[in-house]
Amino acid sequence: MSDARAVSENVKIPEQSSPPEPPDALLKVEGLVKHFPIRKGLLRRETGAVQAVDGLTFDVRPGETLGVVGESGCGKSTMGRLITRLLEPTGGKIEFQGHDITHLGVGAMRPLRRDVQMIFQDPYSSLNPRHTIGTIVSAPFRLQGITPEGGVKKEVQQLLELVGLNPEHYNRYPHEFSGGQRQRIGIARALALKPKLVVADEPVSALDVSIQAQVVNLLDDLQDELGLTYVIIAHDLSVIRHVSDRIAVMYLGKIVELADRASLYESPMHPYTKALLSAVPIPDPRRRGVRSERILLTGDVPSPISPPSGCRFHTRCWKATELCKEQEPPLIALAAGRQVACHHPENAADQAPGDPAPASAGEAAGSAPGPSGEAAGSAPESEGGAGK
Amino acid sequence: MSNPDKTGAAQSGPAAPEAPEAPLSGLVPGEVAEAGSAAPSAFLEVRDLRVHFPTDDGLVKSVDGLSFQLEKGRTLGIVGESGSGKSVTSLGIMGLHTAGQYGRRKARISGEVWLDGKELLTADPDEVRRLGGRYMAMIFQDPLSALHPYYTIGRQIVEAYRVHHDVDKKTARKRAVEMLDRVGIPQPDKRVDSYPHEFSGGMRQRAMIAMSLVNNPELLIADEPTTALDVTVQAQILDLIRDLQKEFGSAVIVITHDLGVVAELADDILVMYGGRCVERGPAEKVFYEPQHPYTWGLLGSMPRIDRDQTERLIPVKGSPPSLINIPDGCAFNPRCPYADVPDGDRTRTVRPELRPVGERHFSACHMAQEERTRIWTEEIAPKL
Amino acid sequence: MRGARTAAGPRTVLAYVIRRLFAVAMMLMVVTLTTFVIFFVLPKWAGSDPAYLFAGKQTDPAAIEGIRQKLGLADPVLVQFWNFVQGLFVGREYANGADVTNCPAPCFGYSFRTEQDVWPQLTEAIPVTLSLAAGACLLWVVGGVAAGVVSALRRGTLWDRTAMTVALAGVSLPIYFTGLLSLAVFSYQLDWISGEYAPLEEDFAQWFQTLVLPWITLAFLYAAMYARLTRATMLEIMGEDYIRTARAKGLTERVVIGRHAMRSTWTPVLTLLGLDLGALLGGAVLTESTYNLPGLGRLAIESISAKDLPVILGVTLFAALFICIANLLVDLLYAVVDPRVRIG
């Protein structure tokens, strides 16, 4: 890590051109860690840490959309802020176009900000209410000291048109727009400098269904038109299925499964992925009776302050064994284009066939270091077909 | 205002059910519900409910003529986007529309709400209050803000029980523990003394449900009960609501923007747009033979978890209307791709009435039914 | 953070209090040093000699030299400061040859002008200020909160507007106006109130009689602020979801307001109250001067006009101590009132 730091300080990022060797991944993340310290006691000693992100390794390929899903507290938003370097990583390495950007300072990141942009969830609080749309969307030009061809105003109006807003609304204020329109403004701002990578954190979750579809389609069109690469972070598995090429499923700061869309949704390998997918209510009243597929996870996600030992999912997993409690499963490729971190995956060969029989549910729950208090007594079991 | 405000009338007027007073100004003639003063046979019947909030910018018509019935043991899903009036409807039924969100002026409410043969809007407010919590209860969207942060869960449940039951604290507490146990909170005898912030989101919603059900209400209104929750927890809560309904046999209204939640829970669906009902019918009909362009829009906008859909979504153009300036004619006409299909200018001038299109299935659209069926089966359904 | 909810145990609270007390001590140290510099160092730079100030009207150089020796004003500043701090804890002696004055701990200094230790002057003034503050506080909390609640519940009515206008007047009118006006009417015109302040334990009637007007005047000023705060808080709380829940349970409006809304309204009121009381205990300067009450505020004013530096230093330190302690108490109280606040 100290090596990485030394290198990054010496490397000058060249002007968006000729990286040393053309990498096959636009963004490469290795062992990314972010811990938020907790201080307690008389002397404010560091007594622990919220392990928000704890060792992520993945690539983002040029032109693809990587979807990141997980429940609240799984670290997906922290991950988004780390790869856009809005947060300083505790450990690991982030490479963008072959350059180590893990510990770049604000100044050194500035040229990179052209290439990496972020879209935020809340279209209400992410726009300054005292600035006009023109000022908001042209801010990136001012910050980077760029004067686009034809002048800033013309460029901004083109951007507004690109995202489906009336260019004549240049001088209006955010409160004059609806939620969906504001999200379009946020997108226009993100696209101003023609970035290569756009990280969108819950881009549509604050929007109504009919507006959500407009924005999803817009993101789709812009990707085709501008050749963008997306990392889309969302909790809505339906949206993720619609927009992503590949999907990373996160649980308690770790990626548990990383696979292309079709295989992930059709044959999930990690039990958590399977449970997550089965939990989504299907908008089809005829399938209501068919509940045998549903896996009801009991209890809540454990605290990221003291995550369970071994596999972090073992406290809620119906397939957990002694091995799962003790040894953390590595994220390995179990099939072409599919990485899974599980000792006993679904839809694939068992990775630890000699393992003792599944620990009884009560035992698993009893020994679970469940600081949330609710994990205790939350016997993980498949309740498929229960509640008839 | 020339017309007396109905709330005021309700407070001073006789408690006996009576024919609704003259409708509020600004209503389209012919929109007045048939003056049905007779007690209906349905367990819950809402007739021409209007909830209007006077504001400095104008009259906000949050609910503008809504009617439906609901029987015990059945679940009605009210679907709509933000600002469609779905939440205000529930507050209107519960008599909670005084909530200060629209400033100091009182809401104007008219129409009829019949619960088990009793009309609520003209009844003595004190009587309606006593029905609240006992015969009709509510589950709110965000249990963290809906529970009092300074009182323990147990105390809040005990309070809900003791308003309606003359029992001592010990008995009520026993009941609270029992209810917490029933909704699946582990170690209920310990957790009963926890504060809301000490619970996780899912546990809080369970506690909220326990509190709503402590008096075995016959009508349960759940307003976005799972919107603030994670998907695995949502599945648990939906399951719980369904099981509890079977056990208690109550009538349930689920208000949500999520078509998945509605498909999971509801027997009947009511689609709201701009404070009005645009389509109402059995869940299966609404999903498989929808008869209103807005319903098509909702179905087309929704990404599907159960299909590998590479096609683009079919969004509804534009944004929902302002409830102060609801478009004339059909409220949906500025966003409707078929607004020009009916002859003349009817969609823009005449408000469409809710008309039967099948068994217990109603829709408010000017297009001929055959035309709608054709558009749905030929143009929309194949793309979904 | 979910799961991070270990209840604040007694040890955590104790550690917190110790940490805070340490901070208070540091704070007082800084205040002392600052005051010390202002009163003993700055005058020297400005060309005047503290010894002259202490000497008052005496201009005999020998006498001034004697004072300088006795009070140690010739010592380096740090030595003077050290002696002062030491005096606080173990007492000290002021000596100029045979002329020795013993100042027992806690020695806040020695007023050369009145030839008295500062500490007894302070302790004599405190009960007066305490009586004034406590009585006024009771009045303004009851009056202000009640007026605020009623205003909030009858928002926009004649009552609300009247109450808020009166409150605005209360906030705007200075004590020396309302105070003098009340004195003119009740004391000089009607002659209801007369005589000097007497301690509570000596003469209750006189104590009460001389304090009634100051209480009301002071309470009027503060009640206005509390009414406005309570009204604003109450209005916000009445729009909270949990109030809607309380109504949905079928509770009467009286219970909804009395039990659910009021409980939350107290939190900001208590916070402000703690800080106000702390500040007030340091001396209600205007009120005490106006009504001629021998409290800390009047002591401060008198010592300032007499340039009696040790007394000014003592009063300042005391006021700072009260504010620091009040802050700590408010923070502790906050955790008692609001279970979500965790100490530590």
With region C:188-298 as the region, which helices (runs of 4 or more DSSP H) entirely inside it contain at least 2 residues that are open to solvent by 30 Å² or more (accessible area, probe 1.4 Å) and within 14 Å of chain B (Cβ to nearest Cβ)? C:204-238, C:241-248, C:262-281
Within region A:179-190, is there a residue that is open to solvent by less than 40 Å² (accessible area, probe 1.4 Å) and outside any helix (DSSP H, G or I)? no
Just for region A:273-294: of the residues that are more than 9 Å from chain B (Cβ to nearest Cβ) and at pLDDT 90 or above, which one is surrounded by the most Cβ atoms within 10 Å (Cβ to Cβ)? A:273
Every residue from region B:127-168 that is among the polar types (S, T, N, Q) and part of a loop (DSSP other than H, G, I, E, B): B:141, B:152
If you take the residues in region B:45-78 that are open to solvent by 20 Å² or more (accessible area, probe 1.4 Å), of a type in the set (Asp, Glu) and touching a residue at least 60 places away in the same chain (Cβ under 8 Å), which one is nearest to residue B:109 (Cα to Cα)? B:48
Filtering region B:274-331 down to residues that are more than 8 Å from every other protein chain (Cβ to nearest Cβ), part of a loop (DSSP other than H, G, I, E, B) and of a type in the set (A, V, I, L, M) yields B:323, B:324, B:326, B:331
Residue C:42 passes all but one of the listed conditions (1) surrounded by fewer than 17 Cβ atoms within 10 Å (Cβ to Cβ); (2) of a type in the set (A, V, I, L, M); (3) at pLDDT 80 or above; the exception is number (3)
Considering only region A:207-216, how many residues are open to solvent by less than 10 Å² (accessible area, probe 1.4 Å) and not aliphatic (A, V, I, L, M)? 1
Sort through C:222, C:226 and tell me the only one that's in contact with a Cys (Cβ under 9 Å, 6 or more places away or on another chain) and more than 24 Å from residue B:126 (Cα to Cα). C:222
Just give me the residues in region B:319-353 being buried (at least 20 other Cβ atoms within 10 Å of the Cβ), more than 29 Å from residue A:182 (Cα to Cα) and hydrophobic (A, V, I, L, M, F, W, C), in sequence order. none
Within region C:330-339, is there a residue that is open to solvent by 20 Å² or more (accessible area, probe 1.4 Å), more than 14 Å from chain B (Cβ to nearest Cβ) and out of contact with any Pro (no Cβ under 9 Å at 6 or more places or on another chain)? yes
Cβ-Cβ under 6 Å, sequence separation 6+ or interchain: first residue in region C:299-318 and closer than 13 Å to residue C:117 by Cα, partner polar (S, T, N, Q). Which pairs? C:308/C:111; C:310/C:111; C:311/C:111; C:311/C:303; C:312/C:303; C:313/C:35
Of the residues that make up region A:252-262, is at least one within 14 Å of chain C (Cβ to nearest Cβ) and under 26 Å from residue A:78 (Cα atoms)? yes
Could you look through region C:111-166, keep only residues that are among the hydroxyl-bearing types (Ser, Thr, Tyr) and open to solvent by 60 Å² or more (accessible area, probe 1.4 Å), and pick out the one that is farthest from residue C:68 (Cα to Cα)? C:162
Number of the condition not met by residue B:205 [criteria: (1) assigned to a loop (DSSP other than H, G, I, E, B); (2) away from every other protein chain (no Cβ under 11 Å)]: (1)
When region A:295-310 is checked residue by residue, the ones that are open to solvent by 20 Å² or more (accessible area, probe 1.4 Å) and away from chain C (no Cβ under 14 Å) are A:298, A:309
Identity of the residue in region B:130-151, out of contact with any helix residue (DSSP H, G or I) (no Cβ under 8 Å at 6 or more places or on another chain) and either open to solvent by less than 20 Å² (accessible area, probe 1.4 Å) or more than 22 Å from residue B:226 (Cα to Cα) (or both), that ends up farthest from the other protein chains (Cβ to nearest Cβ): B:135
Qualifying residue in region B:151-171 (condition: aromatic (Phe, Trp, Tyr) and in contact with a His (Cβ under 9 Å, 6 or more places away or on another chain)): yes
What number of residues within region B:340-365 satisfy the criterion of being assigned to a loop (DSSP other than H, G, I, E, B), closer than 17 Å to residue B:294 by Cβ and modelled with pLDDT under 90? 3
Mind listing just one residue for me: the one in region A:42-64 that is among the hydrophobic types (A, V, I, L, M, F, W, C) and crowded, with 16+ Cβ neighbours inside 10 Å and, of those, modelled with the lowest pLDDT? A:49
In region A:35-83, anything assigned to a strand (DSSP E or B), away from every other protein chain (no Cβ under 14 Å) and in contact (Cβ under 8 Å) with a residue 60 or more places away in the chain is listed as A:53, A:54, A:55, A:56, A:57, A:58, A:60, A:66, A:68
Report yes if residue A:319 is open to solvent by 10 Å² or more (accessible area, probe 1.4 Å) and more than 12 Å from every other protein chain (Cβ to nearest Cβ), otherwise no. yes
It is to be established whether one or more residues within region A:194-204 are within 12 Å of chain B (Cβ to nearest Cβ) and either crowded, with 21+ Cβ neighbours inside 10 Å or modelled with pLDDT under 90 (or both). yes
Residue ID - nearest to the chain's Cα centre (by Cα), chosen from residues in region A:205-231 that are closer than 20 Å to residue B:303 by Cβ, more than 9 Å from every other protein chain (Cβ to nearest Cβ) and at pLDDT 90 or above: A:231
Could you list, in sequence order, the residues of region A:129-163 that are buried (at least 18 other Cβ atoms within 10 Å of the Cβ) and in a loop (DSSP other than H, G, I, E, B)? A:163
Mind checking which residues of region B:242-269 are farther than 24 Å from residue B:295 by Cα and open to solvent by 10 Å² or more (accessible area, probe 1.4 Å)? B:242, B:243, B:245, B:246, B:247, B:248, B:249
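The values are calculated or read from the model by the stated rules, or taken from the named source; none is laboratory data. In this text, all values refer to a predicted model and were calculated from it rather than measured experimentally. Cβ atoms come from the backbone with ideal geometry, glycine included; neighbour counts cover every protein chain shown. SASA here: full protein model, heavy atoms, side chains in, ligands and nucleic acids out. Shrake-Rupley method; radii C 1.70, N 1.55, O 1.52, S 1.80 Å.
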